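A short write-up of the structure that comes next.
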Amino acid sequence: EDVWSERIGQGVLEIDLRRVDLHRLDAIGVPYDMLIDDLQAHADAHAADMVRVRREQLERKPDGFQRGGQVHDDEWFATYRTLDEITQYMNNIEALRPDLAAIDSIGQGLEGWLIFSITISGPDTAQNPRDERPVVYIFSTVHAREWIAPMTTSYIASKLVAEYDTDAYVRMLLDHARVVIVPVGNPDGYLYSWTDERYWRKNRRDNGDETFGVDIN
């Protein structure tokens, strides 16, 4: 069904296989170890556990960890975040440091969910115009189920802004470039992976043949 390994060459692979096809490995003499016996049950349990943890977190912090007084919050990155939480966190960065960060709407998913970017760069000056600086463009979460992607790129955005005043290298970088980050490039699919199908990869295009989704990679 799928290959989960990232390595190349000969050696051990992690694969996703239907139970009814397991005999095929036996037939050709491929040895194997069962890492997850029932992927659906594993995913359901994981999702239920995440819901429980998120509920407990929100009960302790009704604002969803959004602390208006600081740009970067390590505790916020201790778990995966919903699209709404990511949007709020990025908006908070812009609100606190409008001299360094700007949110822009760059389009919509097919279901109407906003696709936004955050541009991070040093202050605009007559001697060093911001719009003349080269751009580093990071577009993430193409695949909806890869929840680590928006957390990683949100972390990059958060740390760049937070460390501009204290880290000479960060300041040099942002004074000579614009870093444009799209934390969630596939909002429809990302939302669907939270609400309906944890391992959903594609967007939510209606293909007209009772199937949904295009791999926008």
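The values are calculated or read from the model by the stated rules, or taken from the named source; none is laboratory data. Everything numeric in this text was worked out from a predicted model, so none of it was measured. Ideal geometry is used to build each Cβ from the backbone, glycine not excepted, and the neighbour counts take in all protein chains shown. Ligands, DNA and RNA are excluded from the accessible area calculation, which covers all protein heavy atoms including side chains. Shrake-Rupley method; radii C 1.70, N 1.55, O 1.52, S 1.80 Å.
Can you tell me how segment 150-199 classifies by the Cα gyration tensor, rounded, prolate or oblate, using a/c under 1.5 as the rounded cut?
Values: a/c = 5.61, a/b = 3.02, b/c = 1.86.
Since a/c reaches 1.5 and a/b is larger than b/c, the shape of segment 150-199 is classed as prolate.
Looking at the square roots a ≥ b ≥ c of the eigenvalues of the Cα gyration tensor of the chain, which shape do they give, rounded for a/c under 1.5, prolate if a/b is larger than b/c, or oblate?
Details: a/c = 2.04, a/b = 1.84, b/c = 1.11.
Verdict is prolate for the chain.
For the Cα atoms of the chain, what angle does the longest principal axis make with the long axis of helix 148-162, in degrees from 0 to 90, nearest 10?
Result, in degrees: 20.
In debye to the nearest 20, how big a dipole does the chain give about its Cα centre with +1 on each Lys and Arg Cβ and -1 on each Asp and Glu Cβ? Intermediate results must be reported in sequence, preceding the final value.
Details: 23 positive and 39 negative charges, 71 e Å.
With Lys and Arg at +1 and Asp and Glu at -1, about 340 debye.
Just the number, please: carbon plus sulfur as a percent of the accessible area of the chain, 1.4 Å probe, no ligands or DNA/RNA counted.
Details: 6870 of 13050 Å².
The nonpolar share, carbon plus sulfur, comes to 53 percent.
Report the residue, chosen from Ala149, Ala102, Ala48, that carries the largest GNM mean-square fluctuation when the chain is represented by alpha-carbon nodes joined by springs under 10 Å.
Looking only at Ala149, Ala102, Ala48, the biggest GNM fluctuation is shown by Ala48.
Go through segment 122-210 and name the chymotrypsin sites (Phe, Trp or Tyr not before Pro) that are in a DSSP coil and have 15 or fewer other Cβ atoms within 10 Å of their Cβ. Could the numbers behind the result be given before it?
Working: sites: Tyr137, Phe139, Trp147, Tyr155, Tyr164, Tyr169, Tyr190, Tyr192, Trp194, Tyr199, Trp200; in loops: Trp147, Tyr164, Tyr199, Trp200.
Sparse-neighbourhood loop chymotrypsin sites (Phe, Trp or Tyr not before Pro): Tyr199.
Leaving ligands and nucleic acids out of the surface, order Phe116, Phe212 by accessible area at 1.4 Å, largest first.
The ranking, largest first, comes out as Phe212, Phe116.
Return one whole number: the accessible area per residue of the chain in Å², for a 1.4 Å probe.
Working: 13050 Å² over 217 residues.
Value for the chain: 60 Å² per residue.
Can you work out the Karplus-derived ³J(HN,Hα) for every residue in segment 170-177? Use 6.51 cos²θ - 1.76 cosθ + 1.60 with θ = phi - 60°, whole Hz, and x for glycine or proline.
Calculated HN-Hα couplings, in order: 4, 4, 4, 4, 6, 7, 10, 8 Hz.
So, with +1 on the Cβ of K and R and -1 on the Cβ of D and E, and no other charges, what is the size of the charge dipole of segment 74-123 about its Cα centre, to the nearest 20 debye?
Details: 2 positive and 8 negative charges, 20 e Å.
That gives a dipole near 100 debye.
Using a Gaussian network model of the chain with C-alpha springs under 10 Å, which one of Ala47, Ala126, Ala78 is most mobile by mean-square fluctuation?
Ala126
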